[in-house]
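First comes the structure, then the notes that go with it.
The values are calculated or read from the model by the stated rules, or taken from the named source; none is laboratory data. Remember, predicted model here, so these are calculated numbers, not experimental data. As a convention, Cβ positions derive from the backbone with ideal geometry for all residues, glycine included, and neighbour counts pool all protein chains shown. With ligands, DNA and RNA removed, areas are computed over all heavy atoms of the protein, side chains included. Shrake-Rupley method; radii C 1.70, N 1.55, O 1.52, S 1.80 Å.
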Amino acid sequence: MANLLVFTIITLFLLRFCCGCIEREAHALLLFKAGVNDSAGVLSSWEKERDCCLWYGISCDNTTHHVVAVNVTGFSLPTEMEGIISGSLCTLTFVATLNLSGLGLTGTIPPCFTNLSLLAQLDLYYNRLSGNIPPTLSNLSSLIYLDLSSNQLTGSIPSSLSNLSSLIYLDLCSNQLTGSIPSSLSNLSSLTKLYLCHNELTGSIPCSLSHLYSLTKLRLAYNQLTGSIPSSLSNLSSLTELYLANNHLTGCIPDSLGNLSLLEVMILSGNQLNGTLPPSFSSLSSLTYLSASRNSFSQGIASSTLPSMLKFLHLSLNNHQIISELFFHNLSKLSDLALSNCALNNSPTWIPSFQLTRLHLTSCKVVDGQIPSWISTQFSLEELQIADSNLVGEIPSWLQDMRLRYINLTTNHLHGDLLLNTSAWKAIKVVDMSNNALFGQIPPIWPPHIQFLLLNDNWLTGNIPPSMQVTSSLQVLNLENNHLNGKIPSSIANFSSLQILNLGNNNFGGMIPSEFGQLSQLQSLVLKDNQLSGAFPPSISNCRKLLFLDIGQNLLKGQIPNSIGNLLHLQVLAARKNNFEGSIPTEIGQLKHLQILDLSSNHLSGSIPHNIFNLQAMLIESKEGFIRVQKYRFISKKYTSFIQVIPIMYEDGLNMNSKGRDEHYPYIFSTMAAIDLSNNQLSGNIPSELGKLKGLMLLNLSMNNLNGTIPNSIVQVSQLESLDLSTNQFSGQIPWELGSLSYLQVLNLSNNNLSGRIPQGGHMTTFANSSYERNPSLWGCPLRRNCSWPDFAPAPPSIYALANEEEQIEESLWYWIGVGLAYGVGFGAVVLSIVLRKKWREKYFHGVDMVLKYFFPWLHNLKI
């Protein structure tokens, strides 16, 4: 019997290899592979010489050898894949599972997928697919799972999807779908999960969705839905999750929702709901997660409405409700509490019955201004946020002993010594104590797992210890706006994961460590407003991921290295107010993402490189959106399928001369495109290529030695808001078309050699006199001298002289009229006599003939 079993296994094994998969199906898969950039070699096993049933992610039927499953995802791949979704997959007519999620696929969903009649699961999640959802997908009668989420699909949701009678799971979230939610989706009687969140859907929530009696999860959040919440949703007796956040829903929360006895998660935040939580919510015995923050509740929330099983309670109240310990008397299971804009009035002796892991009290008013002492009883607390709450006093010592992972006390009035208790804070990952009045020095030993350290805008002194204990997990270090001094230690370069380094506005001296070139993950480097000296380290060009570089307002000297052109992702280059010399590197023109270039107030010479005006990020005319605002977020953990994302308040700011004065931009809009080369020693003309920069908003070339004329191409810079060409040697006339720049708010052409009349079109005369002064040959409004005639031109005749001139012209006119009439009468009489009298006519033409023959003898032989 044993021998028979072994023989059978061997036979099946041999049959498996001798027969192999269907050739046309293998060919279809190879065509798909050909359209994918598989630099990681994930599909390396997909070779023509091998049985496709043994390829990675491929499953075949053991009997027919047809491919029945393609399960290739990109989420665990070492590098990101990309490619197109090939229509060749439509030949896999026996496939039941097609999972191509997370592969970075582009293009549209092939309509021929309708040929896959046995397809039960279609998963194209997290790609870059575009176009409409093909209505023909409704022909996939076997389909029970459809996930097209996290793509770039547009158009409306096809009503034909309601024909998928076997569908259990439908996820269209995170696309760009528009239109209303089809009421016909109510025909999907087997549907248990309906996810339409993060789109641009409009209209109201169809009441017909209440017919989806099998539905357990409904996610419609992050759309533009209006109207009220249908009370008929209470018919969804199987519902465990209702996610309607961040829409434009109005009205009161229906009391009937209290009948959803199985409901575990209800998220209604970010709407315009009024009233309060209905009393019926107290009967939601299964509800553990309730978020109703950021609404327009006109009444306080009574503690009697809160179900006792709540673990997660998020209420950002709008009416500054006073919350005491009585509010929590029934919430013994609470572990996550988020309140904002409320007033806390808790007894100092109160010990809560719950143990929190997460507490957020943003913009709350604490009665005595102290960090509430009852927090010290929360031994399981991992995340604490009490930002912007007018806290005063010192950080209590007991807080240093808690085993926190995240602490945010930013924007308060806390003072005292900075303490980072590494013995207790071994698990801490985020410390944000910025914008307080903390003093003391940077400790030599930091918590071992810290990722984000934000201590900016305090009173910290001393230097950064050169022998500090390094943590390889640090991603953000912000020490801006303190009183730190000494040299910047090269040991910072050992923070191998560092993405943000901001040491701006301190008193650091010495040179920029060349070792910074080892920071391969660095995206933002801010060293502005210090006393740094020496040269610009060429090694910085090794930081190939750098997006933001600000070394302005220091004592740096030498030339800007040509290697700056290696920073191909750079978007902001600010090196103002230093002692740089030499020419502007032409390699800057290679930085196709550069949107702000500020090299002002240095000693740069030579001409402006022509390719500076080929910067691709400034070629696009746009008035909307963001490009680069450095926001870093710390992902906390999953709670009932929702990732809690905690914002880390770091954004790249910039000092820049804008519209005639120095300004600080706390963040940078995507539309901001600026070039500031002012206060240098540049010479030559402005390249005509300037007109290509249709997205440029600020241009400052003042205080140089530039000459020539203002190029007419400047009128093509249609987004220009500020133009400063003052204190140069420009000559010629101001282009008349300059008045067509409708966004131009600031103009300074003063102190040049411009001539001619100031253009009067558009809004050129709305600028002040100071915009044009100190151009000796320039005239016209709004200059203070005569608006209608230049001082240097001959004076116009007086009004009396003009009157006499008109009389003389009139007399001369009548004189010449008389002469003309006399000549006409005499000439007419002679001509009339020649015409009427034959004898006179013969003598006249005979005389003419004699004269011609005398002067032109060759006419004797002329025959006509």
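For region 315-461, what is the convex hull volume of the alpha-carbon atoms per residue, in Å³?
Per residue, the Cα convex hull of region 315-461 comes to 100 Å³.
Sequence gap at least 6, Cα distance under 8 Å: using those rules, report the relative contact order of region 145-294 to the nearest whole percent.
RCO, region 145-294: 16 percent.
Which whole-number percent is the relative contact order of region 514-581 (Cα, under 8 Å, 6+ apart)?
Relative contact order, region 514-581: 34 percent.
Using every Cα-Cα pair within region 315-355, state what percent have a distance larger than 14 Å.
Pairs farther apart than 14 Å: 50 percent.
Pop out the carbon and sulfur fraction of the accessible area of region 29-184 as a percent, whole number, probe 1.4 Å.
Carbon plus sulfur share of accessible area: 51 percent.
Net charge near Leu438, counting Lys/Arg +1 and Asp/Glu -1 over other residues with Cβ under 11 Å of its Cβ?
-3
Evaluate region 449-539: find the radius of gyration of its Cα atoms, find its Kirkwood radius, and give the ratio Rg to Rh.
0.92
With no solvent and one equal point scatterer per Cα, compute the Debye intensity ratio I(q)/I(0) for region 151-287 at 0.10, 0.13, 0.21 Å⁻¹ and report its log10, rounded to two decimals.
-0.30, -0.51, -1.36
Expressed as a fraction of 2.2 N^0.38 Å, the rule-of-thumb size for a compact globular protein of N residues, what is the C-alpha radius of gyration of region 108-167?
In units of the globular-protein estimate, region 108-167 measures up at 1.03.
Quote the convex hull volume per residue of region 504-617, based on C-alpha atoms, as a whole number of Å³.
Looking at region 504-617, the number lands at 80 Å³ per residue.
What is the mean projected area of the alpha carbon convex hull for region 218-273, to one decimal in square nanometres?
3.3
For region 733-785, what is the convex hull (Cα atoms) projected area averaged across all directions, in square nanometres?
3.1
Go through region 91-104 residue by residue and turn each phi into a ³J(HN,Hα) via Karplus (6.51, -1.76, 1.60, θ = phi - 60°); whole Hz please, and just put x for glycine and proline.
3J(HN,Hα) across region 91-104, in whole Hz: 7, 7, 6, 9, 6, 10, 10, 10, 10, 10, 6, x, 9, x.
Give me the log10 of I(q) over I(0) for region 271-352 at q = 0.11, 0.12, 0.20 Å⁻¹, as the Debye formula computes it from C-alpha points; what are the numbers?
Results for region 271-352 at q = 0.11, 0.12, 0.20 Å⁻¹ read -0.27, -0.32, -0.93.
How long are the semi-axes of the ellipsoid equivalent to region 396-456, from square roots of 5 times the Cα gyration tensor eigenvalues, in whole Å, largest first?
Rounded to whole Å, the semi-axes are 17, 12, 12.
At q = 0.15, 0.21 Å⁻¹, what log₁₀ I(q)/I(0) does a Debye calculation on the Cα points of region 380-534 give, no solvent, two decimals?
With no solvent term, the Cα-only Debye profile gives -0.77, -1.48.
What are the extents of the Cα atoms of region 425-476 along their three principal axes, in Å, largest first?
Each principal axis gives a Cα extent; for region 425-476 these are 26, 22, 17 Å.
Can you list which of the trypsin sites (Lys or Arg not before Pro) found in region 299-392 are DSSP loop residues with at most 15 other C-beta atoms within 10 Å?
Listed in order of number, the matching sites are Lys333.
Between Asn705 and Asn485, take the C-beta separation as r, use R0 = 45 Å, and let me know the FRET efficiency to the nearest 0.05.
It comes out at approximately 0.75.
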